[in-house]
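Structure first, commentary second.
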Amino acid sequence: MKIVELLIDEEQELSGIEAISIVDEPAIEENFIALSKQHEIQLAEVNKEKKILMGAALVPNKNIYRKSGEDEYYIFFSEDTVRQASQLFLMRGNQNKSTLEHQAELHGLSVVESWIIEDEVHDKSRKYDMNLPIGTWMVSMKVNNDEVWNDYVKTGKVKGFSIEGYFTDKIAMSKINEIDNEEEAKEILLEIANSILDNKYEFATYSDYGSGVKNNAKRGIELNKSVNNKCATSVGKVRAQQLVRGEKLSVSTIKRMYSYLSRAETYYDESDSKACGTISYLLWGGKAGLNWSRGKLKELGEINE
């Protein structure tokens, strides 16, 4: 079975860990220790009222099973990537970002400790019988949310941490480096990141965009053919095909759709059907796509404008 190494590209703003989720079945298969009076045997030297969760956020070189359609494979993170992820998480101020089962945004949870295991004997995790390898990224999370603590932690409904973030794989990164067009490379990188994220967590998807979006995408494809398909990045061309077929789009893809159309609107000229700015804008759904993506993100509480 294929084994894929995931990487972080620090030049891309989105690349890295966005949040830490508390989940029932952590992908890295390492449960956390709930530091409370419910675990007195394990907490001989810990304040029983702290309400702190301790566990592994990322374990290096651990194969994690994934399935995308008929494609089965493993992903893993190297020691260097684990350390890089832990550093960027703090540098970008994501300590207070957490979710429940990668769905509901949580409030009152904060990462208060973050460290890399560097000693097999004396690391803090060893005091709680957490036999994790050197290079593991450990976190302690303070839970100032009684509902989460009482309904999910104390009841055992959540058992570990799971990361949320954007990555690319080593093979894809090497291919991106061969592309001369910097903008296209960025588009492909973000598309790969979104694909990995969506396949990993099976986020909600939406296809309630109207015929206007589909017709614009179809028009864009036709116009691009008339100029020998010289316009748009490969991502834009794929997006148009998705829209024409009425495929479901994840929230991350809708965000990218809205972001692109908001920026590209200025290059759209209805009177110039051969201009790449016009064609690319239509491929992403045009004005109808902009209106739909904006409305959908408002509906989901992703934007407030």
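What number, in percent, do you get for the relative contact order of the stretch 204-299 if the mean sequence gap of Cα pairs under 8 Å and at least 6 apart is divided by its residue count? Each step should come with its number before you reach the end.
Numbers: 126 pairs, mean separation 41.7, N = 96.
Contact order relative to length: 43 percent.
Please go through the residue pairs LYS255/LYS298; LYS214/LYS237; LYS127/LYS154 and name each one whose alpha carbons sit more than 18 Å apart in this structure.
Values: LYS255/LYS298 11 Å; LYS214/LYS237 13 Å; LYS127/LYS154 21 Å.
Listed pairs above 18 Å: LYS127/LYS154.
With θ taken as phi - 60° and the Karplus curve 6.51 cos²θ - 1.76 cosθ + 1.60 applied, the whole-hertz 3J(HN,Hα) list for the stretch 250-261 is 6, 4, 5, 5, 4, 4, 5, 4, 5, 4, 5, 5 Hz, x standing for glycine and proline. Once backbone amide H atoms are built at 1.01 Å from N, LEU106 has SER98, THR99, LEU100 as its partners under 5 Å, excluding neighbours fewer than 5 places away on the same chain.
Read the figures in this text as sums done on the coordinates, not as results from a lab. Note that the coordinates shown come from a computational prediction; the quantities given were computed from them, not determined experimentally.
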